[in-house]
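Chemist: The following block contains the structure, expressed as structure tokens.
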Amino acid sequence: MISFQPTDEQQMMADTLRDFARSRLQPAAHSADEQRRLDADTLATADEFAVVAANIPEEYGGFGDGYSALTGVLIAEALAEGDLSAALHLLAPAGVAAALIAAGSEAQKIAWLSRFANEGYFASSALIEPQWNYDPLALQTVARREGDEYVISGTKSLVIMPQQDVEEHDLLLFAHDEAAGMTQAFIVDTAREGVTIGTRERGMGLRALDYRRITFNEVRLPIGAKLGEAAGCDVQRLLNHARVGAAAMATGVARASYEFAQSYAKEREAFGKPVAQFQSIAFMLAEMRIAVESMRLLTWEAAWQLDQGQEATQSAVIAKQYADEYALQVADRAVQVLGGHGYIRNYLVERGLRDARAFAVLQGIGAI
Amino acid sequence: MIDFSKPKPILMQEQLLDGIAKQIMRPISRKYDDAEVSHERPWEYINAIWQGMQMMGFSGLTGPDEGEKKDRDPQRPPIANQMLMHVIERLSYGDAGIYLSTPGGALGGAAVAAAGTKEQKRRFLARFNDGAPKWGAMAMTEPHAGSDTAAIRTRATLSEDGKEWILNGEKIFVTGGLMAAQDSDGFVVVWATVDPTLGRAGMKPFVVEANTPGMTVTKLEKKLGIRASDTAAINFADCRIPFDNVLGDPELATPDAIRNKASKQGFKGAMATFDATRPAVAASAIGIGNAALEFVEDWLAKQGVEIRYGAPYQQQSAIERDLIRMAGELKAAWLLTLKAAWLMDQGQPNTLEASMCKVKAGEAVTWVTQKAVEIMGPEGYSTEHLVEKWMRDAKINDIYEGTGQINRMIVARNILGYRSSELR
């Protein structure tokens, strides 16, 4: 039966997080962007929402009913509306946990999922590679089987790093599994020998996010480190989760810019009336609203297909590419509505445009 | 819970209509696109769908009627409007011009359903369920007033004995007007003002039965697309209709009643109609777009061009990007449309959503079909295929039931909380 109504629980969670995003993340975002560092107090508050543990089933140390892509996209949109850098940082461990829940073996779930509740634990994905022909299904990072070990070599970029001292930082590393002849995922502790963490990468946006290039030089892993162990994992499915997650964040970023521009246009006057009363502005705002709603619905549908266990690649790709394009368009229109003020690095919409640009170019950041 | 699974009745209906679209509509698409001058009716389709509708007790494209509501199992959520969107999408996927010849009340029926009393719904809508095929139509636009609906001049005056309304005026661009006013026992819903000094409040919808003396079809337009459907100019000269043919309570429709109550029911009635018909137009647009996209994909596949979903941007071909974008635009429009219909089924207001899906679908499908012609090059331009026709058919959806601009205005007023006097 067709319905566009989230469950009460989902709605409550989305409302709570959105409230947090608007009251805490948004006000902190400007200075985080300037200082290239997320605000520690805000992050600590965010931890109280336990967005990671909420996905982890009780038998593995969490308090959720298991991972739902739909719940995931509602959370991602809400947080990204506050600050994309913060959302990516906060959701990086959630992505790894989701992959473990979806594709991990029983032993892996038992071994890893309980760690996510620890304050000193951080996890993030390493998917993107720094070459022009980067393709998640034809990676140049290679996992070679040697006896009871995998030996991994290659370079990853845009790996999200913890911003507080942690005892352990694990990566969900995607590499070409030579024996399997396809991309597979591996759980790697960044403290392992052969893992070299580079200096921070810097971009036009996502400036508060610490993301780095990491090289893997003959890193040796036990065979139990391969996600799903002998069975492996369905990488396309994990990528689809990543796609809908990114599309949801793009929706959140676009929504923040749209709503800011909308309220600004009602207050700012020109020629004796609010600029929102001019058709040229009003039409832009109408189109932005339609774009945001479209992005959201495409994302919901793809996430729903994933939760149903359906083949969702086409829907997820459509949702992602649609969101990539329209997030940028909405962010640009928001700057335009503010005119000169939109260009000043103080208003949310200026950062919105820099952040929105990330979606189409950083394919796979914060994977899953 | 958010859910996109189609209920079984919709799936079954969709399957049936898919067959009609492919086997009955497509083979005669070109014939009736060319038959604009002769105004021959697509009886192959009309007879087939009419038979099907009677077998299934399907009441055409008017939307849910009272009977349907009564029979419904209260445990199951209502789906009539969602069903309607799927029906219209599939029939328009067959042929959007021919779809407009589907027997039923069409926009006229929708106006009755939205603004009529229970008695009026029975009196006017029951006819569409049996007997010979009949059509309804709605006459709003006038030569000097299209989008500016409040500026219409057609007058409705009360007869001296107060038992009749007398209509005088000129209506144009009445979709299916010939079928409704002259060629079947249908009716035309005519928007007229009972007193021009009352502005929008004075505007009321009147039901004029087919072949009522004083109502004359004066012209049939030649158009860019949807040529299988007639678009009529209708003249009203001292056209007399019963007092209770004004939709809603007739006692509230007189100038005195309107003045005393300062009621804006009249114009609101028109707006309520649009809440139902705009998603329907969007669904029709999407049907055309889906036809074009599917055709281009098949055409490319035959030449060995495969669309890879999921290839990184820098490795996608221009054609792949175009096709993924076309699919995205259509799907976005469809989900917006479905949401607008779902809200209606829930009994919730949907004015904003109805206009949003109309804006999106009108624009998306105009673009998608133009892109389809472009991708196929000379083959797309050729009348050998239907893609060029779909491009011509698509454009109307960005125009009728409120142009893209009017609907943007409605979206803007809604999201900004402005009245029409504040944003015009």
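Chemist: How many residues does segment B:33-49 contain that are in a helix (DSSP H, G or I), out of contact with any helix residue (DSSP H, G or I) (no Cβ under 6 Å at 6 or more places or on another chain) and of a type outside the set (Asp, Glu)?
Modeler: Total meeting the criteria: 4.
Chemist: Further question: Of the residues that make up segment A:139-152, is at least one within 14 Å of chain B (Cβ to nearest Cβ) and surrounded by fewer than 18 Cβ atoms within 10 Å (Cβ to Cβ)?
Modeler: Yes, some residue in segment A:139-152 is within 14 Å of chain B (Cβ to nearest Cβ) and surrounded by fewer than 18 Cβ atoms within 10 Å (Cβ to Cβ).
Chemist: Ok, one more. Quick one: which residue in A:Gln26, A:Gln35 is more than 14 Å from chain B (Cβ to nearest Cβ), of a type in the set (S, T, N, Q) and touching a Gly at 6+ places or on another chain (Cβ under 7 Å)?
Modeler: A:Gln26
Chemist: Collect the residues in segment B:374-424 that are more than 18 Å from A:Ile290 (Cα to Cα), touching a Ser or Thr at 6+ places or on another chain (Cβ under 6 Å) and in a helix (DSSP H, G or I), keeping them in residue-number order.
Modeler: Matches in segment B:374-424: B:Trp390, B:Met391, B:Ala394, B:Lys395.
Chemist: Checking the structure you have, find out if any residue of segment B:188-200 is part of a loop (DSSP other than H, G, I, E, B), of a type in the set (Gly, Ala, Ser) and surrounded by 18 or more Cβ atoms within 10 Å (Cβ to Cβ).
Modeler: no
Chemist: Out of the residues in segment B:268-306 that are surrounded by fewer than 19 Cβ atoms within 10 Å (Cβ to Cβ) and at pLDDT below 85, state the one that is farthest from B:Met376 (Cα to Cα).
Modeler: B:Lys268
Chemist: Can you pull out every residue in segment B:299-330 that is out of contact with any Ser or Thr (no Cβ under 8 Å at 6 or more places or on another chain) and closer than 15 Å to A:Glu301 by Cβ?
Modeler: Across segment B:299-330, the qualifying residues are B:Ala327, B:Gly328, B:Glu329, B:Leu330.
Chemist: Still on this structure, please answer the following. Taking the conditions exactly as written (modelled with pLDDT of 90 or more and within 21 Å of the chain's Cα centre (by Cα)), does B:Glu66 satisfy them or not?
Modeler: Judged against the criteria, B:Glu66 is not a match.
Chemist: For segment A:324-368, which positions are small (Gly, Ala, Ser) and under 18 Å from B:Arg308 (Cα atoms)?
Modeler: Listed by number, the residues that qualify are A:Ala360, A:Gly364.
Chemist: May I ask you to list pairs of residues, at least six apart or on different chains, whose Cβ atoms are under 7 Å apart, with the first in segment B:32-47 being assigned by TED's automatic domain parsing to the domain that holds B:Asp230 and at pLDDT below 95 and the second being part of a helix (DSSP H, G or I) and aliphatic (A, V, I, L, M)?
Modeler: Every condition considered, no pair remains.
Chemist: Determine which member of the set B:Leu247, B:Leu252 is touching a Pro at 6+ places or on another chain (Cβ under 7 Å) and within 23 Å of B:Arg123 (Cα to Cα).
Modeler: Every option except B:Leu247 fails the conditions.
Chemist: Keeping to segment B:207-232, report how many residues are crowded, with 21+ Cβ neighbours inside 10 Å and not hydroxyl-bearing (Ser, Thr, Tyr).
Modeler: Selection size over segment B:207-232: 9.
Chemist: Can I ask one more? Name every residue in segment A:233-274 that is more than 10 Å from every other protein chain (Cβ to nearest Cβ) and over 30 Å from the mean Cα position of the chain (by Cα), in order of residue number.
Modeler: A:Glu267, A:Arg268, A:Glu269, A:Ala270, A:Phe271, A:Gly272 - these are the residues of segment A:233-274 that are more than 10 Å from every other protein chain (Cβ to nearest Cβ) and over 30 Å from the mean Cα position of the chain (by Cα).
Chemist: Filter segment B:15-29 down to the residues that are in contact (Cβ under 8 Å) with a residue 60 or more places away in the chain and surrounded by fewer than 16 Cβ atoms within 10 Å (Cβ to Cβ), then identify the one that is nearest to the other protein chains (Cβ to nearest Cβ).
Modeler: This residue is B:Asp18.
Chemist: How many residues are within 14 Å of chain A (Cβ to nearest Cβ), closer than 22 Å to B:Arg200 by Cα and buried (at least 21 other Cβ atoms within 10 Å of the Cβ) when one looks only at segment B:365-403?
Modeler: 1
Chemist: If the requirement is being within 11 Å of chain A (Cβ to nearest Cβ), within 21 Å of the chain's Cα centre (by Cα) and without any contact (Cβ under 8 Å) to a residue 40 or more places away in the chain, which of these qualifies: B:Lys339, B:Lys358?
Modeler: B:Lys339
Chemist: Hey, which of the strands (runs of 3 or more DSSP E) in segment A:72-161, taking only ones fully inside, have at least 3 residues that are closer than 21 Å to A:Gly198 by Cα?
Modeler: A:121-126, A:149-160
Chemist: Working only within segment B:1-14, note down all residues that are free of Cβ contacts under 8 Å to residues at least 24 places away in the same chain and either away from chain A (no Cβ under 14 Å) or out of contact with any strand residue (DSSP E or B) (no Cβ under 7 Å at 6 or more places or on another chain) (or both).
Modeler: B:Phe4, B:Ser5, B:Lys8, B:Leu11, B:Met12
Chemist: Note down all Cβ pairs under 8 Å where the first residue falls in segment A:275-299 and is within 7 Å of chain B (Cβ to nearest Cβ), the second is aromatic (Phe, Trp, Tyr) and crowded, with 24+ Cβ neighbours inside 10 Å, and they're at least six residues apart or on different chains.
Modeler: Cβ pairs passing all conditions: A:Leu285/A:Tyr258; A:Arg289/A:Tyr258; A:Ser294/A:Tyr322; A:Ser294/A:Tyr326; A:Leu298/A:Tyr322.
Chemist: Moving to a separate point now. Would segment B:98-120 turn up any residue that is surrounded by 24 or more Cβ atoms within 10 Å (Cβ to Cβ), of a type in the set (Val, Ile, Thr) and either touching a helix residue (DSSP H, G or I) at 6+ places or on another chain (Cβ under 9 Å) or in contact (Cβ under 8 Å) with a residue 12 or more places away in the chain (or both)?
Modeler: The answer is yes, given that some residue of segment B:98-120 is surrounded by 24 or more Cβ atoms within 10 Å (Cβ to Cβ), of a type in the set (Val, Ile, Thr) and either touching a helix residue (DSSP H, G or I) at 6+ places or on another chain (Cβ under 9 Å) or in contact (Cβ under 8 Å) with a residue 12 or more places away in the chain (or both).
The values are calculated or read from the model by the stated rules, or taken from the named source; none is laboratory data. Model, not experiment: these values are computed from the prediction. All Cβ positions, glycine included, derive from the backbone under ideal geometry; neighbour counts span all protein chains shown.
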